[in-house]
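Below is one structure, written out as structure tokens; comments come after it.
The values are calculated or read from the model by the stated rules, or taken from the named source; none is laboratory data. This one's a predicted model, so the numbers in the text were calculated from it and none came from an experiment. Cβ: placed from backbone, ideal geometry, glycine included. Neighbour counts: every protein chain shown. Side chains are part of the model used for accessible areas, which takes the heavy atoms of the whole protein and leaves out ligands, DNA and RNA. Shrake-Rupley method; radii C 1.70, N 1.55, O 1.52, S 1.80 Å.
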Amino acid sequence: MSTGNMNLTLQVWRQKNSKSAGKLVDYKLSDISPDMSFLEMFDVLNEQLINKGEEPVVFDHDCREGICGMCSMFINGQPHGPKDLVTTCQLHMRSFNDGDTIVVEPWRAKAFPVIKDLAVDRSAFDRIIASGGFVSVNTGNAQDANALPIPKIQADAAFEAAACIGCGACVATCKNASAMLFVSAKVSQLALLPQGQPERYRRVQSMVAQMDEEGFGNCTNTGACEAECPKGISLENIARMNRDYFSAKFISEEEV
Amino acid sequence: MSKLNSNIPAGELTQKWTKYKSSVPLVNPANKRSLEVIVVGSGLAGASAAATLAEMGYKVKCFCFQDSPRRAHSIAAQGGINAAKNYQNDGDSTYRLFYDTIKGGDYRAREANVHRLAEVSANIIDQCVAQGVPLAREYGGLLDNRSFGGTQVQRTFYAAGQTGQQLLLGAYSALERQVGMGKVQMYTRHEMLDVVVIDGKARGIIARNLITGELERHFGHAVVLGTGGYGNVFYLSTNAMGSNVTAAWKVHKKGAFFANPCYTQIHPTCIPVSGDHQSKLTLMSESLRNDGRIWVPKKKDDTRKASDIPEDERDYYLERRYPAFGNLVPRDVASRAAKERCDAGYGVGASKLAVYLDFKANTERYGRIEASKAGNHNPDKETCMRLGTAVIKEKYGNLFDMYAQITGENPYETPMRIYPAVHYTMGGVWVDYDLMTTIPGLYCTGEANFSDHGANRLGASALMQGLADGYFVLPYTIGSYLSKEIATKPIPTDHPAFVEAENEVKATIDKFLSINGTKSVDHFHKRLGHIMWEKCGMARNKEGLTQAIQEIQDLRREFWADVKVPGSADEFNPELEKAHRVADFIELGELMCKDALNREESCGGHFREEHQTEEGEAKRDDENYAYVAAWEYKGVSEFELHKEELIYENIKVAQRNYK
Amino acid sequence: MSSLSKAFTSSIGKKFVMGLTGLFLISFLIVHVSINALIFLNDGGETFNVAADFMAHNIVIRIMEVGLFLGIILHIVQAIMLTSQNNAARPEKYAYNKPQANSKWYSRSMGLLGTLILMFLVLHLYHFWWPTKVSVYTHQEHNTFQNIVMIFQEEWVVAVYVLGVISLGYHLLHGFQSSFQTMGWNHKKWTPVVKTVGVWFSIIVPIIFALMPIAIYFGWVS
Ligand SMILES: Cc1cc2nc3c(=O)[nH]c(=O)nc-3n(C[C@H](O)[C@H](O)[C@H](O)COP(=O)(O)OP(=O)(O)OC[C@H]3O[C@@H](n4cnc5c(N)ncnc54)[C@H](O)[C@@H]3O)c2cc1C
Ligand code: HEM
Ligand code: SF4
Ligand code: FES
């Protein structure tokens, strides 16, 4: 069915469920087209496995256009593979060479337990958002959208932080499995906007507390997260979050 | 007498919603706390509804099949969201948005619903901005707008090419806020596989925990579906891999009518198919048509590079055929025009199934403006292109990157190659003015309902509709039903109806796993997609549709005899999930063809080759087909048609004209 | 736990302590390297001894010294806690990881570099701090310079010192700018400056330190 001419060896992490141990399993693939996406290459593998009567590899994916943040493969030692600024679903086989061996593992972190094969549980991110990653405004309470002019550079900076897709590559690659880039992106987005001010110091404290509770590691500023983030979320956000956190703890009188 | 009552409030069009709101029965706060609502779906429609209902005090359970509500496919919407704000002072108004939507939908939508949509559109923008959604702004700090197809005003709000993402993250944060407060219980990685109907009313759902495989019963005083569109019936579409019709189809089989299934939107600007391995298609936002000009060579089978084809040998066919709207004609018109050119042999690229979308002229124009801003009033071409490229990058950078990533070509240098692809489904579960289906207590919102878009949706109006439904419409209208349910105690889930529904689901799952045939689920999905695209796609005719119905019926039988679903029921098993979805797509496909066959006219996204003008434009038949076709499920391959007449009291129905 | 105490015990709080003590240690390094550089005056240690004597007896410096020790201890205690927590955050390691693609080795090896510094520090304190202390409390004359010259006659000592300061250099190459980031001082205009200063600091200070044992060993200063 495929039309290309690449031959590959895959070493894929197979793990039955969260309780069992996993291991890398070798698969050979031939006639892979360089125009295929990495996930389409996995489709080919799965079709083969099904036809052979074996269990296909479970992996997370949905939009396949780099925006939902669901795909999550640790490819040859890097989250989302070797190319900068792309997600796994947007990685194409032309980034590899004929004859390559490709090792594929799930995200690994205590806070992201493996569910099966390459799929992990990232619900910790949802809980962090639920702890404070919002503006408390009920539906119907809003004033006219243009009543509050926001300088373009501020709006743009907030947008850049808001571009995070919640994929977790930052955690996956960080030697400490720290979630600081993800958390700081949300904290920053709202800290940069006037709408976020009333809850600014409350928010940063609750979100950091939740992040710690989930068992992510501590940031040591290695910068790996920024380098691997498919959306180019900047380390500046982490500094901004730290700043807000200290202001919240040392200056604000509100106990959270 | 038709069984359909659209429950449109009496009174003058512009007053209907206002009057409705002030007279709809209310539920007092204490009672709200004991009323439970199930919301299936966490996209714009589902998340906004779940959050708002919880804010109002209802007990809400929300379901999605992804690992987080933030990943619903609304996240992928690129271009923007419409609202009648008239911030640009270009003559926009509620009426104009209403009018454009009805006209864009080729006069096949309900006036009252569309007017309400236009009325609440402005509130959506206010709400989202208040949530911290970073919509694009101008230097003065005010919100920016762009124009979209099918309109002559600039009313589209956007956040670069990630509008859906930003709006969804806003709704998601509102939802998570309620989750944090314990007012919404979120069930991620859960798939609804049936609705439970007790004494004629929707009272709950059966959902499968996708990780453990366990079947769960959930009670609700009312059930809301916001489960998205079914474009994946075509296998290849711009939808997400998991987008499906299952929830909508299951309720259809339990008594909810399915309306206008054949209305499919084929989006004109998608990245062309590159090979058999293709698993999905990627949209290049319609906003690109603001600055991109569409053309093909004037010469047939021209194999020269785009840049080698001189200006006078290019056919800017949209500008030629539709001078008034040019490249910004509605989607259905643009798609068919592209198909027409390619079918006639003028297509470009290796497959010849593509046309060019060229940014050169506008890049240069922007460059000139930038240069003159910088005081250079006579810039050379190179300067213009350099400065202009920066402007284009700022506007569409992420789309250009995506294009380069997928095709391996640099769109800043060569024109993009684009081709139409399935994108949106106007059809869906039939709902009345209250957004209630024909099953009392069962509501349907967002793309999943048959919606306000008639036979064709205008760009940037789906986001508007999803959020209108979820934030501003359903929370009111559901009160009308729930106010009568305050005496209903939660029904224990060991009620026979729950048991029976669960057993049915279980039997289907067991069946899938026991067939143990020879072909994968994807195999059948691809074949179905092929039939649908060829015979129920951009252009349809009687012969093809009749064949398609037969082929789909055969395919269904083959599927149930020969599909191979590996693994077991009590584990994380994506193949089993797909099997459910594809089984439902096959049944839906048949209904789509039947609906298309029934509709002996061309309108919006439904183009019957038998019904076209001499110039090849769609020809409507208002006399015989100005109705919503709502289908009732009567058994395998049996559907009964109910007609909801469409009455236009405020708009003069006319042939659409974008010339 | 009160909000304020969390300010020191939460993940960011611990980092705050690391950053602050790190910066404090950096400021100490500036003083330390300046005074030690006096040996390069090559006046037989005269000026240097005056300064060393001042440092050993001045009450303000004495108090600062206590602070310095507290700082180092805090820095070390926190480092141990951070490192162990960070290891626990990823119980199962990757079979194949390629960290060099996204970060510098020394930024990932702060614990190791710190441990090397600590080992060196123990030796260093034994060589210089301890004799000075003894002399202060026994009220004996102590010629620090002579002590230095004596100690740096042995090759292995010189080698350990050089390795020690190289570790310090790499520790600072990451640590200097990192502490600014930790404190939240990240700025489009100023961060590049901090980074540049950090790099030069991490090169120059260790070189000056390293030159001391080397110069004495080879007899360039006496
Ligand atoms: C690529 C692309 C670009 C677009 N761009 C624009 C644009 O610029 N402007 C615009 O107005 N519109 C745009 N649209 C259309 C618009 O995005 C969608 O119509 C809209 O977002 C649909 O929202 P929804 O909430 O109805 O459904 P979705 O966002 O699809 O959400 C469906 C939800 O239902 C859940 N679900 C589905 N089935 C089940 C089940 N069985 N059990 C449990 N949960 C289930 C899913 O998990 C998900 O949470 C675009 C669409 C696409 C595909
Ligand atoms: C003179 C000696 C030392 C100086 C000047 C120094 C300086 C620094 C600085 C500036 C940082 C960066 C802090 C931050 O990122 O916020 C740092 C981090 C670190 N130090 Fe030290 N340090 C010294 C000794 C030590 C010792 C003895 C140890 C260990 C036993 C140690 C272990 C660490 C560790 C593990 C980190 C990384 C933690 C992190 O980045 O968050 N250091 N040091
Ligand atoms: S910060 Fe980047 S890497 Fe981390 S979750 Fe967001 S998008 Fe993914
Ligand atoms: S599948 Fe959505 S980002 Fe990759």
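So the values come out like this:
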quantity: Where chymotrypsin sites (Phe, Trp or Tyr not before Pro) fall in DSSP loop in the range B:21-128, at most 13 other Cβ within 10 Å; calculated: none
quantity: Using alpha-carbon coordinates, inclination of helix B:163-180 to the longest axis of chain B, degrees; calculated: 30 degrees
quantity: Long-range amide H partners of B:Gly141 with built H, under 5 Å; calculated: A:Lys152
quantity: Cβ neighbours within 10 Å from other chains - mean over B:267-277; calculated: 3
quantity: Solvent-accessible area buried by pairing A with C, both sides, nearest 100 square angstrom, 1.4 angstrom probe; calculated: 3700 Å²
quantity: 22 Å Cα-Cα reach of B:Lys535 towards lysines, excluding residues that sit fewer than 8 places from it in its own chain; calculated: B:Lys280, B:Lys339, B:Lys352, B:Lys526, B:Lys594, B:Lys619
quantity: Mean-position separation - Cα centroids, the range A:53-77 and the range B:180-245, in angstrom; calculated: 22 Å
quantity: Burial ranking of peptide ranges B:432-443, B:454-465 (average Cβ count within 10 Å, highest at the top); calculated: B:454-465, B:432-443
quantity: Karplus-derived 3J(HN,Hα), 6.51/-1.76/1.60, for each residue of the range C:150-165, Hz, glycine and proline x; calculated: 5, 5, 7, 7, 8, 4, 4, 5, 4, 4, 4, 5, 5, 4, x, 6
quantity: Cut-off 15 Å between beta-carbons: net charge of the residues surrounding B:Asp452, Lys and Arg +1, Asp and Glu -1; calculated: -3
quantity: Reachable lysines, given that their alpha-carbon falls under 25 Å from the alpha-carbon of A:Lys23 and they are not under 8 places away in the same chain; calculated: A:Lys52, A:Lys110, A:Lys116, A:Lys175, C:Lys93, C:Lys98
quantity: Residues listed by number, the range B:588-626, amide nitrogen under 17 Å from B:Glu543 label point at 7 Å toward C-beta; calculated: B:597, B:608-612
quantity: For the range C:1-40, fraction of C-alpha pairs farther apart than 11 Å, in %; calculated: 67 percent
quantity: Sparse-neighbourhood loop sites, trypsin sites (Lys or Arg not before Pro) in the range C:132-222 - DSSP loop, at most 14 other Cβ within 10 angstrom; calculated: C:Lys188, C:Lys189
quantity: By accessible area with a 1.4 Å probe, ligands and nucleic acids excluded, highest first: order of C:His75, B:His495; calculated: B:His495, C:His75
quantity: Antiparallel DSSP beta bridges within the protein assembly as shown, percent to nearest 5; calculated: 75 percent
quantity: Cut-off under 5 Å, modelled amide H: who pairs with A:Ser178 long-range; calculated: A:Gly217
quantity: Environment charge of C:Ser179, counting only residues whose C-beta is closer than 15 Å and scoring Lys/Arg +1, Asp/Glu -1; calculated: +4
quantity: Convex hull volume of chain C per residue (C-alpha atoms, cubic angstrom); calculated: 166 Å³
quantity: Shielding by partners, peptide B:203-213 (average Cβ within 10 angstrom, other chains); calculated: 1
quantity: Degrees between helix A:200-213 axis and first principal axis of chain A (Cα, 0 to 90, nearest 10); calculated: 40 degrees
quantity: Rg followed by Dmax, in Å, when the range B:204-300 is reduced to its Cα trace; calculated: 19.1, 64
quantity: Residues of type lysines that B:Lys393 reaches as a straight line, Cα spacing below 19 Å, ignoring anything fewer than 8 places off in the same chain; calculated: A:Lys152, A:Lys231, B:Lys360, B:Lys373, B:Lys381
quantity: Virtual spin-label span in nm between B:Glu638 and C:Val50, 7 Å along Cα→Cβ; calculated: 11.2 nm
quantity: Longest site-free stretch - chain C; sites: GluC sites (Glu not before Pro), DSSP loop, at most 13 other Cβ within 10 Å; calculated: C:1-140
quantity: Cα-derived Rg to Rh of the range B:545-590, Kirkwood definition; calculated: 1.08
quantity: 0 to 90° range, to nearest 10: angle between helix B:94-104 axis and chain B longest Cα axis; calculated: 80 degrees
quantity: In Å, descending, principal axis extents of the Cα set of the range A:1-159; calculated: 61, 37, 26
quantity: Computed accessible area, A:Lys28, all protein chains, 1.4 angstrom probe, square angstrom; calculated: 150 Å²
quantity: The range B:367-390 versus the range B:269-326: alpha-carbon centroid distance in Å; calculated: 26 Å
quantity: Mean Cα-pair separation over length for the range B:89-173, i.e. relative contact order, pairs under 8 Å, 6 or more apart, %; calculated: 26 percent
quantity: Globularity ratio of the range A:122-251, using Cα Rg and 2.2 N^0.38 Å; calculated: 1.04
quantity: Rh by Kirkwood over Cα pairs, then Stokes-Einstein D for the protein assembly as shown at 1.567 mPa s and 4 °C, µm²/s; calculated: 41 µm²/s
quantity: Per DSSP, loop chymotrypsin sites (Phe, Trp or Tyr not before Pro) in the range B:533-599 with at most 14 further Cβ within 10 Å; calculated: none
quantity: Hull volume in cubic angstrom per residue (convex hull over the Cα atoms of the range B:267-422); calculated: 117 Å³
quantity: Residue-wise HN-Hα coupling along the range B:494-507, computed from phi with Karplus coefficients 6.51, -1.76, 1.60 (Hz; x: Gly, Pro); calculated: 8, 4, x, 5, 5, 4, 5, 4, 5, 4, 4, 4, 4, 4
quantity: Along principal axes, Cα extents of the range B:88-168, largest first, whole Å; calculated: 37, 24, 20
quantity: Pair B:Ser307, B:Tyr412: separation of 7 Å Cα→Cβ label points (nm); calculated: 1.3 nm
quantity: Rounded Å value of the spacing that divides the Cα centres of the range C:178-220 and the range B:548-565; calculated: 72 Å
quantity: Descending Cα extents along the principal axes, chain B, whole Å; calculated: 78, 57, 50
quantity: Exposure ranking of C:Val33, A:Val256 by accessible area [1.4 Å probe, largest first]; calculated: A:Val256, C:Val33
quantity: Antiparallel bridge percentage (DSSP; both residues within chain B; nearest 5); calculated: 70 percent
quantity: Average beta carbon contacts from partner chains per residue of B:571-584, 10 Å cutoff; calculated: 2
quantity: Most to least accessible of B:Thr156, B:Thr518 (protein chains only, probe 1.4 Å); calculated: B:Thr518, B:Thr156
quantity: B:Ile294 long-range amide H proximity, modeled H, under 5 Å; calculated: B:Asp358
quantity: Accessible-area value, B:His530, 1.4 Å probe, nucleic acids and ligands omitted, Å²; calculated: 110 Å²
